[in-house]
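Have a look at the structure below before the remarks.
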Amino acid sequence: MSYTFELNNERKDANFVSGKVNGRSAVVEIFSAMTHGKDLAPFGKKADIAAKYIMELNKKADSGDTVAVSELNEIRRFAMEPILMQEIKLLSIYGNYKAIGYNESCEVEIPEFANVDAKIQAAGQDVGFPVIRKHREPIATATISGGYAVDYRKASLGDMTLENELQDQVRVQIRNRATKYVVETIYKAIKNATGVKYFCEDAGLTKTNVDKVIANIRRFGKPTISGDYALISQFNGFAGYNGITPSVSGISDAIMNEIHETGLMGLYNGAILSEIPNPYDLSKLNTTGDNFDTMLPTGIGYVIPAGGQSPIYIVTRGGLTSFSGNDVTTGEMLTRFDMEIGALVAKGHEYKIGAIADTNLSTVE
């Protein structure tokens with residue numbers, strides 16, 4: 001699975017830069033300040049020097065100087081990377097997250113219980129007890145990409161009004177695509193598990209099957225059910241009750257008030273209901289072509305117990321890498337930023353996370 005867009009004459013910017021700029025350089029901080037429209041006065045004389053340098057790079061880039069393009073992208077990378085990595089760390093809500101370097105082995109350490117015979121025998125019997133052993137497992141990575149076309153002419157005149165918007169766009173693209181990759185990887189691992197698993201997939205959520213998953217996961221800890229609004233909102237229909245008269249049924253006033261205020265119940269059978277924000281992907285239409293597609297599958301939900309060791313492992317390898325080139329389709333000069341991300345569910349531990357799916361909504365093949 002890969003989330004990329006193609007460039008003609010692709011150039012890795014790191015191979016064409018001077019090497020004089022790093023994440024602590026004043027020019028990076030001043031570039032960020034210009035991008036956000038902040039006052040440059042606190043930077044003193046450095047501000048004029050850096051601003052002039054940035055505008056000159058944009059002027060050269062507008063004339064087709066590929067070295068200037070690479071130098072600008074390196075500055076952008078240093079400006080964006082710290083913010084993006086903080087956002088990517090939010091993926092730890094699904095499990096264990098670790099950032100590794102480009103030159104580090106792409107594997108994770110997974111603890112597991114093993115029953116080992118006791119060395120001392122009790123009277124008339126052997127005593128077994130669980131111990132924790134660890135093993136290392138390789139984790140495959142996918143490339144997540146985001147990018148944009150830059151108006152170098154406008155920036156060469158000191159107008160950076162679009163730069164902040166474009167950088168935000170890249171961060172949102174990579175963050176959302178990384179979340180999609182993780183969500184789909186977890187779902188496939190649980191669905192395809194051959195051992196014990198707590199999973200149900202129906203055409204529309206059914207109370208009976210969902211309750212079974214919740215009951216099983218609850219033994220590991222108080223569960224939280226997370227998913228798209230279209231999935232989570234179906235729990236509203238599970239909240240009926242019978243009144244004093246057998247023929248009277250409905251929903252309690254407290255729950256009705258909660259639904260009116262938020263559109264969702266907060267709790268169901270002791271499980272917390274949590275909506276995962278799922279924005280539209282404005283670059284892609286849905287299968288019927290009458291609306292935009294969503295960034296995440298709308299038909300997948302997870303039942304996650306509080307506490308305990310999560311079987312989900314997520315890594316990012318290195319940081320951002322930038323590339324320059326021309327769009328395959330339009331020929332327009334683009335900048336692309338790549339990030340490597342990997343996710344796995346420890347084999348044999350899939351039962352620690354429950355999954356529910358509505359095939360009437362979008363799922364994963």
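Values for this structure:
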{"read-out": "Residue check, residue 98 at pLDDT 90 or above and not hydroxyl-bearing (Ser, Thr, Tyr)", "value": "no"}
{"read-out": "Pair list, Cβ < 8 Å and 6+ apart or interchain, from the range 76-99 residues that are touching a residue at least 12 places away in the same chain (Cβ under 8 Å) to residues that are hydroxyl-bearing (Ser, Thr, Tyr) and in a helix (DSSP H, G or I)", "value": "79/32; 79/35; 91/179"}
{"read-out": "Residue satisfying all of: in the range 149-195; of a type in the set (Ser, Thr, Tyr) and over 20 Å from the mean Cα position of the chain (by Cα); nearest to residue 335 (Cα to Cα) among these", "value": "152"}
{"read-out": "Considering residues of the range 24-68 that are buried (at least 16 other Cβ atoms within 10 Å of the Cβ) and among the polar types (S, T, N, Q) only, the residue nearest to residue 150 (Cα to Cα)", "value": "58"}
{"read-out": "Qualifying residue in the range 319-333 (condition: buried (at least 22 other Cβ atoms within 10 Å of the Cβ), in a strand (DSSP E or B) and of a type in the set (Val, Ile, Thr))", "value": "no"}
{"read-out": "Scope the range 193-217; condition part of a helix (DSSP H, G or I) and either among the polar types (S, T, N, Q) or farther than 16 Å from residue 238 by Cβ (or both); matching residues", "value": "208, 209, 216, 217"}
{"read-out": "Some residue of the range 56-64 being touching a helix residue (DSSP H, G or I) at 6+ places or on another chain (Cβ under 7 Å) and not in a helix (DSSP H, G or I)", "value": "no"}
{"read-out": "Single residue of the range 89-108 satisfying the filter (of a type in the set (S, T, N, Q) and over 18 Å from the mean Cα position of the chain (by Cα)) that is surrounded by the most Cβ atoms within 10 Å (Cβ to Cβ)", "value": "105"}
{"read-out": "Search result, residues across the range 1-17 that are at pLDDT below 80 and either within 27 Å of the chain's Cα centre (by Cα) or assigned to a loop (DSSP other than H, G, I, E, B) (or both)", "value": "1, 2, 3, 4, 5, 6, 7, 10"}
{"read-out": "Odd one out for residue 48, checked against (1) at negative phi; (2) within 35 Å of the chain's Cα centre (by Cα)", "value": "(2)"}
{"read-out": "Test: residue 239 is modelled with pLDDT under 80, surrounded by 15 or more Cβ atoms within 10 Å (Cβ to Cβ), in contact with a strand residue (DSSP E or B) (Cβ under 9 Å, 6 or more places away or on another chain) and not basic (Lys, Arg)", "value": "yes"}
{"read-out": "Flag if residue 71 is surrounded by 14 or more Cβ atoms within 10 Å (Cβ to Cβ), assigned to a helix (DSSP H, G or I) and of a type in the set (Asp, Glu)", "value": "yes"}
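The values are calculated or read from the model by the stated rules, or taken from the named source; none is laboratory data. Predicted, not measured: the structure shown is a model, and the values here were computed from it. Cβ coordinates were reconstructed from backbone atoms using ideal geometry, including for glycine residues, and neighbour counts include every protein chain displayed.
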